[in-house]
Amino acid sequence: MNIIPKNFEDWKWCIETQCGIPLTVEFAKSRLAIYNDYLNTETQRFITKYGEEHLENIKAWMKIIADIEEDTTKI
């Protein structure tokens, strides 16, 4: 596996297993609020360190987690 995950499953494993961060809907929504704000200092720092392509990947993967709540309310 690369240092920077290239797909959802590798990223999810990295965050949950290596970092010990539970990928909850609330966590994903809070990160998306930051990462969708390109003027946010944290977002700018992320882009500088990892690049815009990785930011877009992270946002897409966070959206998958954030959308889980909507999917379960439709059942």
message: Residue pairs, Cβ under 9 Å, 6 or more apart or interchain, first in segment 4-33 and touching a residue at least 24 places away in the same chain (Cβ under 8 Å) and more than 18 Å from H54 (Cα to Cα), second part of a loop (DSSP other than H, G, I, E, B) and not polar (S, T, N, Q). List them.
response: F27/I21
task: Considering only residues that are within 11 Å of the chain's Cα centre (by Cα) and of a type in the set (D, E, K, R), look in segment 1-57 and name the one that is surrounded by the most Cβ atoms within 10 Å (Cβ to Cβ).
output: R31
Selection count where residues are over 15 Å from P5 (Cβ atoms), of a type in the set (S, T, N, Q), part of a helix (DSSP H, G or I) and modelled with pLDDT of 95 or more, scope segment 27-75: 5
- prompt: Within segment 4-26, can one find any residue that is part of a loop (DSSP other than H, G, I, E, B) and over 17 Å from I65 (Cβ atoms)?
  reply: yes
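The values are calculated or read from the model by the stated rules, or taken from the named source; none is laboratory data. Treat the numbers as computed from the prediction; the structure is a model and nothing was measured. With ideal geometry, Cβ positions are generated from the backbone for all residues, glycine too; neighbour counts draw on all protein chains shown.
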